[in-house]
Amino acid sequence: MPVKRTCEHCQAPFMGSGRQLHCSLGCRFWSKVDKGGPPHPQLGTPCWLWTAAKGLGGYGQFTRSAIGVPVRAHRIAWEITHGPTDLFVLHRCHTPACVNPAHLYAGTQSENLKHSGRAGRWPGKKLCADDVRSIRARNAAGEKGVALAREYKVSGRLITSIVRREAWAH
């Protein structure tokens with residue numbers, strides 16, 4: 001049965017149940033962000049750093065509900081601020097844990113790859129057409145994308161995009 005509570009983030013009253021501590025998804029999300037950093041040298045505004053769970057590469061992870069699938073925190077920050085998008089949500093600041101909406105923009109997979117390459121976040125080799133053909137063939141034969149990503153030193157997301165022909169469409 002719902003009871004009257006006070007949101008731990010914004011102090012607004014709300015009717016909640018169970019262990020609910022926040023009046024909204026937004027308040028639950030923003031309560032996990034540190035907005036007190038120094039200004040970014042190029043952007044002039046501070047990175048807002050995610051303080052909760054992080055996944056591969058230092059990207060924040062947020063789950064919308066107790067049984068939900070984790071989503072990258074910067075994507076949730078974009079959705080709270082601008083609404084859903086089918087595009088990738090990219091960082092202008094090159095800081096994976098940043099969720100400052102002013103540091104984010106929506107872009108394509110191609111823009112993401114170019115941007116991350118310029119930012120030096122491709123620790124492995126750049127793929128060539130032969131690599132892409134091999135990845136597709138091996139995946140079609142049953143090899144897992146995660147194993148291919150490790151071998152080629154690229155992200156699992158890139159392997160998925162290659163297999164779906166969203167990247168390297170030829």
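Of everything listed in (1) in contact with a Ser or Thr (Cβ under 8 Å, 6 or more places away or on another chain); (2) open to solvent by 70 Å² or more (accessible area, probe 1.4 Å); (3) closer than 14 Å to residue 30 by Cα; (4) not acidic (Asp, Glu), the single unmet condition for residue 78 is (2). Among the residues of region 40-63, none qualifies, meaning not one is in contact with a Leu (Cβ under 7 Å, 6 or more places away or on another chain) and either basic (Lys, Arg) or surrounded by 13 or more Cβ atoms within 10 Å (Cβ to Cβ) (or both).
Going through (1) within 19 Å of the chain's Cα centre (by Cα); (2) modelled with pLDDT of 90 or more one by one, residue 141 falls short only on (1). Close Cβ contacts (under 7 Å, 6 or more residues apart or on different chains) running from residues in region 103-117 that are at pLDDT 95 or above to residues that are of a type in the set (A, V, I, L, M) comprise 103/43; 104/77; 104/89; 104/90; 105/90; 106/87; 106/89. Is it true that some residue in region 32-53 is in a loop (DSSP other than H, G, I, E, B) and basic (Lys, Arg)? Yes - at least one qualifying residue is present in region 32-53.
Would you confirm whether any residue within region 1-22 is of a type in the set (Val, Ile, Thr) and within 15 Å of residue 95 (Cα to Cα)? Within region 1-22 (the criterion being of a type in the set (Val, Ile, Thr) and within 15 Å of residue 95 (Cα to Cα)), the answer is no, since none of the residues qualifies. Selection of region 12-31 for residues being outside any helix (DSSP H, G or I) and aliphatic (A, V, I, L, M) yields 12, 15, 21.
Give me the residue from region 158-170 that is within 22 Å of residue 89 (Cα to Cα) and open to solvent by 40 Å² or more (accessible area, probe 1.4 Å) and, out of that set, farthest from the chain's Cα centre (by Cα).
Taking the candidates together, the pick is 169.
Within region 146-157, the residues that satisfy the criterion of being open to solvent by less than 80 Å² (accessible area, probe 1.4 Å), part of a helix (DSSP H, G or I) and touching a helix residue (DSSP H, G or I) at 6+ places or on another chain (Cβ under 7 Å) are 148, 149, 152, 156.
The values are calculated or read from the model by the stated rules, or taken from the named source; none is laboratory data. All values derive from a computational prediction rather than experimental measurement. Please note: Cβ atoms are built from the backbone with ideal geometry, for glycine as well, and neighbour counts cover all protein chains shown. For accessibility, only protein heavy atoms count, side chains too; no ligands or nucleic acids. Shrake-Rupley method; radii C 1.70, N 1.55, O 1.52, S 1.80 Å.
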